[in-house]
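Asks: Questions regarding the structure given below will be posed in turn.
The values are calculated or read from the model by the stated rules, or taken from the named source; none is laboratory data. If you're wondering where the values come from, they're calculated on a predicted model, not measured in any experiment. Ideal geometry is used to build each Cβ from the backbone, glycine not excepted, and the neighbour counts take in all protein chains shown. Please note that ligands, DNA and RNA were not included when accessible areas were found on the heavy atoms of the full protein model with its side chains. Shrake-Rupley method; radii C 1.70, N 1.55, O 1.52, S 1.80 Å.
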Amino acid sequence: MILLACQEKGVSVIYGLREPLRNSDKILLVLPLIFAVISILMVGSTSYTDHFNITRDVVVQAAAYVIGYVLMLVMLTIDYAQYEGIYKFMYVFSLVFMLLVFTPLGVSQYGSRAWINLGFTTLQPCEFVKITFTLWYASYLKRHKDELGHLAGLLRAVFWALPVIGAIAIEDLGNALVLCFMTMMMIFFAGVDGKLFAKCIAVVVACTPLAYLMMKGHQKERIDAFLHPGDKSLPGNYQVWNSKVAIGSGGIDGKGLFQGTQKSLNYLPVAKSDFIFSVIGEELGFIGGIGIIALYALFIYRLIRIGRNSRDLFGMLIVTGLCAMFFFQLFENIGMTMGIMPVTGITLPFVSYGGTSVIANLMALGIIIGIGARSKIIHFG
């Protein structure tokens, strides 16, 4: 039995795993299991021949879900208030862990040096850094909440976030954008002055052309393709064009599970990861695609519900940051498969292939469920 002490208003409440589970959002405990089934089937579909193959990808994905679900249960037993005591460590860890990709341990995949080689597998640090960054930033914003009404305080809050965002942006622009969105939403819900916030956002938008000039060649190609969707000569449009063909050919009810042709003929790039929603659209059709989106809508709604009912600002900001992470990744990944968002390396949470992503997402969910569980506990005295 894991025993934790929760101190609030001078009253200490001791409980183990049973108590948090009793107060947990049961829907959020079940949804990952549904996503696990969908993910394993669709990852297996990308290597399907005349029968379902238990490939290494399928085994890795299944193992990641088992490990991740156990870690999710562990995370929900931890009182999130304890993270405030190590908030400085979270910041240092985020920076150091990201910088490891620039050491001999770092390896390049899909055009970005964003992985660490562990020998038996690779690990993507930014997936875990998004969690540690959220825990640190929630603590920072809580401590400096009163300063956000002034430009100097707001700029200071942004300044301290930039080193971590910059470390990610050097090689992984997609996940850097995720962190930018998380930062923006956490600052907004921390109580920043609305007019001041709007003016700063306007300045950032006006400076986006400068960001384009600093991008690498393959990143510029993706932006150019997004801005000129009808030009098939642009390299970035090849992926999106075939993705649209796959989704459109699925019709209302799809071609049938494992029966997709775009992925089997290798027209879909990175079908098991970045473009797995295209495989879903082709094989399960409009009904399957809408079904997946409905599950995600329910998922996001339950997260928002926990954030709204959090017992304190720190918990609310943690949920806000992690919910923003999930929402942006969902919107970006599904959007890029349909051509309404630029192509990035952002995966579809819980469904795309990737052990690091699955484990990190389940750990993040465990933190959120734990916050929700502790918000339901009634303290006397």
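Asks: With just the Cα atoms defining each centre, how far is the range 81-135 from the range 317-340? Give it in Å.
Replies: Result: 20 Å between the Cα centres.
Asks: Of Lys142/Lys199; Lys232/Lys263; Lys216/Lys255, which sit over 28 Å apart, Cα to Cα?
Replies: Values: Lys142/Lys199 22 Å; Lys232/Lys263 20 Å; Lys216/Lys255 38 Å.
Result: Lys216/Lys255 exceed 28 Å.
Asks: Find the accessible area per residue for the range 115-181; the probe is 1.4 Å, ligands and nucleic acids are left out, and the unit is Å².
Replies: Values: 2690 Å² over 67 residues.
Ligands and nucleic acids excluded, the figure is 40 Å² per residue.
Asks: For every helix of n ≥ 4 consecutive DSSP H residues, a contribution of -39,500 (n - 2.57) applies; sum these over the chain, divide by its total residues, and give [θ] at 222 nm rounded to the nearest 500 deg cm²/dmol.
Replies: Values: 14 runs with 242 residues, N = 381.
Helix contribution divided over all residues of the chain: -21500 deg cm²/dmol.
Asks: Quick one: length gained pulling Ile86 to Asn266 fully straight, 0.36 nm per residue minus the C-alpha distance?
Replies: Gain on stretching Ile86 to Asn266: 60.1 nm.
Asks: Put +1 on the Cβ of every Lys and Arg and -1 on every Asp and Glu Cβ in the chain; which of Gly194, Gly248, Trp160 then has its Cα farthest towards the positive end of the dipole?
Replies: Gly194
Asks: Please enumerate, by chain and number, the lysines with C-alpha under 21 Å from the C-alpha of Lys376, excluding those fewer than 8 residues away in the same chain.
Replies: Cα-Cα hits under 21 Å: Lys9, Lys26.
Asks: Could you pull out every residue, at least 5 positions away or on a different chain, whose amide H is within less than 5 Å of the one on Ser310? Hs are placed 1.01 Å off N in the peptide plane, and Pro or chain starts have none.
Replies: The list, which skips near neighbours in sequence, is empty: none.
Asks: Solvent-accessible area per residue for the range 233-296 at a 1.4 Å probe radius, Å²?
Replies: 42
Asks: How compact and how long is the chain, expressed as Rg and Dmax of its alpha-carbon atoms in Å?
Replies: Calculated on Cα positions, Rg and Dmax stand at 21.2, 70 Å.
Asks: Tell me, which longest segment in the chain has none of the chymotrypsin sites (Phe, Trp or Tyr not before Pro) that fall in DSSP loops with at most 13 further Cβ atoms within 10 Å?
Replies: Details: sites that count: Tyr110, Phe120, Phe380.
Between exposed loop sites, the widest span is 121-379.
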